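Participant: Before anything else, here's the structure in question.
No lab work stands behind these numbers, since they all come straight from the coordinates. Since this is a predicted model, take the numbers as computed values, not measurements. Every residue, glycine as well, gets a Cβ built from its backbone with ideal geometry; the counts of neighbours run over all protein chains shown.
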Amino acid sequence: DEGASLSYSESMSESRVVRLDGNAVFDVVKMPDSEEFTILLKGSRIVVHGTSFSINETAGENINVVLYSGAIDFISEGNGQKVSMKPGNSLSFNYQKSTLNIAPSFDGISWQDGKFIINNASLSSLIGFLSWKYDRAINLSGGINGNQSFNGVVHFDEELTEILESICFMLDLDYKITENGYDIVKP
């Protein structure tokens, strides 16, 4: 992601450890007879077991992780708390307070080959995912059915306004820019 920084040693064969500042999506293949792949984050680390997942560092003090396939261990450096994540989990870690919360991830949304695949996701799930991915509040105004299903693709670097315009075009809705994000409204 733009503004993200990834650093690693010159010889990844000796130590499979990287340091990440910012946002990234990883698709890691498990290597037989190889040491673990570890991602160092602010106040935490992730031990990867062959998987695909995304990391989103918010402007505040949180790191958000969504696991799409495989398994990872998320470890808080502050208190040693370890969470073994399974597909369908999302985790929010406050690196200032060393607190974390784990929750189900977004139904109908998966990661594949550099893009998010939307497969029969509800409008509410899609809006929740977009709010998380772009770190913006997106609200559905009253009277809009959040259970409507969506299929499609969201590219990792796609602009939020392009996605909102597509959603609104398909459902004959409008969106308004607010102080904190966006409201989706009936015209």
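Participant: Which value, in debye to the nearest 20, describes the size of the charge dipole of the chain about its Cα centre when Lys and Arg Cβ atoms bear +1, Asp and Glu Cβ atoms bear -1, and nothing else is charged? Walk me through the numbers before you get to the answer.
Facilitator: On the way: 13 positive and 25 negative charges, 129 e Å.
For this selection, approximately 620 debye.
Participant: List the longest stretch of the chain that has no exposed loop site; here a site is one of the GluC sites (Glu not before Pro) assigned by DSSP to anything other than H, G, I, E or B, with at most 10 other Cβ within 10 Å.
Facilitator: After excluding every exposed loop site, the longest remaining stretch is 15-158.
Participant: Percent of alpha carbon pairs in segment 137-187 separated by more than 18 Å?
Facilitator: Working: 386 of 1275 pairs.
In whole percent, the share of Cα-Cα pairs in segment 137-187 beyond 18 Å is 30.
Participant: While we're here: So who's got an amide H within less than 5 Å of the one on ILE72, skipping anything under 5 residues away but keeping other chains? H placed 1.01 Å off N, in plane.
Facilitator: For ILE72, the qualifying residues are MET85.
Participant: Given a cut-off of 31 Å, name the pairs among LYS86/LYS186; LYS82/LYS176; LYS30/LYS115; LYS30/LYS133 whose C-alpha atoms lie farther apart than that in the structure shown.
Facilitator: Working: LYS86/LYS186 38 Å; LYS82/LYS176 41 Å; LYS30/LYS115 21 Å; LYS30/LYS133 26 Å.
Correct reply: LYS86/LYS186; LYS82/LYS176.
Participant: Next question, about the same structure. Pick out, in residue order, every one of the chymotrypsin sites (Phe, Trp or Tyr not before Pro) in segment 139-187 that is DSSP loop and has at most 14 other C-beta atoms within 10 Å; say none if there are none.
Facilitator: Details: sites: PHE150, PHE156, PHE169, TYR175, TYR182; in loops: PHE156.
Passing sites in segment 139-187 are PHE156.
Participant: Let me ask another. What list of ³J(HN,Hα) values in whole Hz, one per residue of segment 153-160 in order, does the Karplus curve 6.51 cos²θ - 1.76 cosθ + 1.60 (θ = phi - 60°) give from phi, with Gly and Pro shown as x?
Facilitator: Calculated HN-Hα couplings, in order: 9, 10, 6, 4, 9, 5, 6, 4 Hz.
Participant: Between VAL47 and PHE156, what's the calculated FRET efficiency when r is the beta-carbon distance and R0 is 30 Å? Round to 0.05. Mind showing how you got there, number by number?
Facilitator: On the way: r = 23 Å, r/R0 = 0.78.
Here the calculated transfer efficiency is 0.80.
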